[in-house]
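Written below as structure tokens is the structure these notes are about.
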Amino acid sequence: MMKNHRNIQDFRQQVNLYFDNELSKEDEKVLLNQVNDDPIYSKVFKKEKSFRDFIKTNVKRPAVSPDLIQTIKDKVRVI
């Protein structure tokens with residue numbers, strides 16, 4: 001059975017929330033069950049995980065100086 005576009009969009013949104021640690025434990029469980037039970041959802045999930053893993057390992061964040069961190073902290077305290 002072919003999934004409709006809206007279902008896939010909704011599922012992708014849930015996957016993004018999952019990887020951003022924004023889902024409740026119950027919603028995580030539902031999502032992971034869908035991934036285990038449906039090859040289409042599994043493919044979408046694995047593709048997103050692979051992409052995020054690639055970004056984490058291949059995109060380097062620039063170092064921030066301690067002075068910049070302190071300046072930001074000082075400004076936050078003033079507010």
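What follows is calculated from the coordinates using simple rules that are stated; it is not laboratory data. Remember, it's a predicted structure, so these values are computed and weren't measured experimentally. All Cβ positions, even for glycine, are placed from backbone atoms using ideal geometry, and neighbour counts span all protein chains on display.
Among 32, 23, 68, the largest mean-square fluctuation in a Gaussian network model of the chain, built with springs joining Cα atoms closer than 10 Å, belongs to 68. Take the Cβ atoms of residue 19 and residue 61, set R0 to 22 Å, and the FRET efficiency comes out at 0.80. Each 5 Å bin from zero up to the one holding the largest Cα-Cα distance in the chain carries the following percent of pairs: 3, 12, 17, 17, 11, 9, 9, 8, 7, 4, 1, 0. Shown here for the chain: trypsin sites (Lys or Arg not before Pro) in loop regions (DSSP other than H, G, I, E, B) with at most 11 other Cβ atoms within 10 Å, namely 60.
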